[in-house]
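Bear in mind that the values in this text are calculations on the coordinates, not laboratory data. Values in this document were obtained by computation on a predicted structure and should not be read as measured data. Using ideal geometry, Cβ is built from the backbone for each residue, glycine included, and neighbour counts are taken over all protein chains shown.
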Amino acid sequence: MHPAPESGLVPRIVTLGTAGGPRWWASQEGRHRHGIATAVVVGDAYYLVDVGLGAGRQLEKAGLSFNGMRAVFVTHLHSDHTVDLASLLLMGLYERDLATLDPISIIGPGDRGALPPVSPRAGVAPQPVFPENPTPGIRGMVHSLVQAYATDVNDRVLDALRPSPFDCFTATDIAIPEGIGYHPNENPTPAGMAPFEVYRDELVTVTAILVEHPPIAPAFAFRFDTAAGSVTISGDTTATDNLVTLARDTDLLLHEAIDFDWVESRYGGSPTEADRASIDHHRRSHTSPEQAVELAERAGAARLALHHLVPGHTTTQRWYELASDFSGEFFIPEDLATIPFARTTADADTAALKVGALR
Ligand SMILES: [Zn+2]
Ligand SMILES: [Zn+2]
C-alpha cells in the first residue's frame, strides 16, 4: 500500500546533492554542495536516485517524508553515489510507518562478475581487497552493510523489539537484457541497445540503458516517464549515444558534468603515473558541460540541468561559462532546487521561478 498521490502537483525533481566525486570538497562562498542524490517527485510520492553524502539530511530539509519514498535507484556503485546508503538503511527505517507501508525497493547494478583490468601505468600490479568477493552488486552491498552493523541491529531487534533494515528495504540487482553483447570489460556499453524497463507502478515507468563510465560496470542512466512528463538522469558517463537514445524528446535531462581544466590543473602539473592514470580515468568516464549541451540538443531534450558537478567547489558562474548555449531551458541548480518536468510551457515558467539559477 502506498499513500495516495496528490494529483494536482506537477512532477518535479529536487536536487538533494549536486556534487560528484569521492570528496568532501571545500566550501565556496560559505556554501557547499552535498553528494549526488536526486528526488523524482510525483504527487506525494517520490523516488530517490543515488544516495550521495548527506542524502538523508537533505531529504529532511526538502520536506520529503520517508513515508513518501517508493524506491531507490542506484546508477552505479561508486562510493560518491552510495556512501549514505548505510544511514538510509539504519536510520530511515525509524522514519517510516512500517505497519501500513510496503518495503522500499533498492534497485541497482548486479555483481560486476570480473575485476577490471590493471592500469597499463602500474609498475607492480596492485592487489584487490576481498579477492574472494571483489565486485559485489547492490544486493551484496546492502547485505554486507547490514552485516557490518549486526551488533547494533540485533541490539535493537532483540531488546527494543524494533524492526530491522530487512523489514524496510528489499534490494534487487538489475538484470541486463540477454543478447546485447554486454561484458563488463570487453563491451560495457553495447552500441544500439534499447532502453529496458526496471520498475513500474501506477505513477511512473522507469527504464534504463547502459552508459559509459569505465572501468565501473554496469553503469546505468535512468528515465522516469509519468503521465505528465519525463525526466532522464545520466548517471556518470562520458558522452555516449546510448544516453541520447534513452533521453529522446525527454522533458528534462539531468546530465553529469566535469571541468576538464580543473582535472588538468589538479593532476597535470608534474604528473606521476598515478596522476596520469587519474587524468585518463576522467577523460574517458565523464562529460564536459559543452558535451552535455550537445547531447541534450541531439536528444531533443526540452530542458537541461547539469549536476554531479566535479569539482564540487567550482562556482555556479564558472559552470555557466563552461557550457555552450542550449536551445531549451538550461539550469545549473544549487542543492535543494526544484525543477518541474511537466510538458506544458506554463509549468516551465514555474521552473524558472523555483530554481533561482537561470542563465
Ligand atoms: Zn560519481
Ligand atoms: Zn562514478
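Dimensions of the stretch 1-114 along principal axes (Cα, Å, largest first)?
Projected onto the principal axes, the Cα atoms of the stretch 1-114 cover 42, 40, 26 Å.
By counting other Cβ atoms within 10 Å of each Cβ, how are Ile339, Ile176 ranked from fewest to most? Present the calculation step by step, with values, prior to reporting the outcome.
On the way: Ile339 25, Ile176 18.
Final ranking by Cβ density, sparse to dense: Ile176, Ile339.
Kirkwood hydrodynamic radius, the stretch 89-216, all distinct C-alpha pairs: what's the number in Å?
Working: mean 1/r = 0.0566 Å⁻¹.
Taking every pair of different Cα atoms in the stretch 89-216, averaging 1/r and inverting gives 17.7 Å.
Percent antiparallel among DSSP beta bridges with both residues in the chain, to the nearest 5? It would help to have the intermediate numbers written out before the result.
Values: 30 of 56 bridges.
Rounded to the nearest five, the antiparallel share is 55 percent.
Cut-off is 10 Å between beta-carbons; in what order do Leu254, Leu161 appear when sorted fewest neighbours first?
Working: Leu254 32, Leu161 7.
With the sparsest Cβ surroundings first, the list reads Leu161, Leu254.
With a cut-off of 15 Å, note down the residues of the stretch 134-151 whose backbone N falls inside the zone around a label point 7 Å from the Cα of Asn185 toward its beta carbon.
Backbone N within reach: 134-135.
Between the alpha-carbon centers of the stretch 44-71 and the stretch 182-261, tell me the distance in whole angstrom.
21
Can you give me the three principal axis dimensions of the stretch 255-301 from its C-alpha atoms, in Å, biggest first?
Dimensions of the stretch 255-301 along the principal axes of its Cα atoms: 42, 15, 11 Å.
Taking the alpha carbon gyration tensor of the stretch 168-288, what are the square roots of 5 times its eigenvalues, largest first, to the nearest whole Å?
Details: eigenvalues 179, 59, 35 Å².
That gives 30, 17, 13 Å for the three semi-axes.
What is the gain in length, in nm to one decimal, between Ala148 and Phe166 on full extension, counting 0.36 nm per residue of separation less the C-alpha to C-alpha distance? Walk me through the numbers before you get to the answer.
Numbers: separation 18, 0.36 × 18 = 6.48 nm, distance 1.38 nm.
Roughly 5.1 nm would be gained on extension.
Which shape class applies to the chain: rounded if a/c is under 1.5, otherwise prolate when a/b exceeds b/c and oblate if not, where a ≥ b ≥ c are the square roots of the Cα gyration tensor eigenvalues? Spell out each step's value before the answer.
On the way: a/c = 1.42, a/b = 1.05, b/c = 1.35.
Here the chain falls in the rounded category.
Apply 1/(1 + (r/R0)^6) to the Cβ-Cβ distance of Leu98 and Trp24, taking R0 = 25 Å, and write down the FRET efficiency to the nearest 0.05. Walk me through the numbers on the way to the answer.
Details: r = 33 Å, r/R0 = 1.32.
It comes to 0.15.
Give the order of His286, His308 when sorted by the count of other beta carbons within 10 angstrom, beginning with the fewest. Numbers along the way, then the final one.
Details: His286 25, His308 31.
So the residues, fewest neighbours to most, are His286, His308.
Could you tell me which residue out of Gln28, Pro128, Ser87 lies farthest along the dipole of the stretch 26-170 toward its positive end? Charges go on the beta carbon: Lys and Arg +1, Asp and Glu -1, centred on the Cα centre.
Toward the positive end, the furthest listed residue is Gln28.
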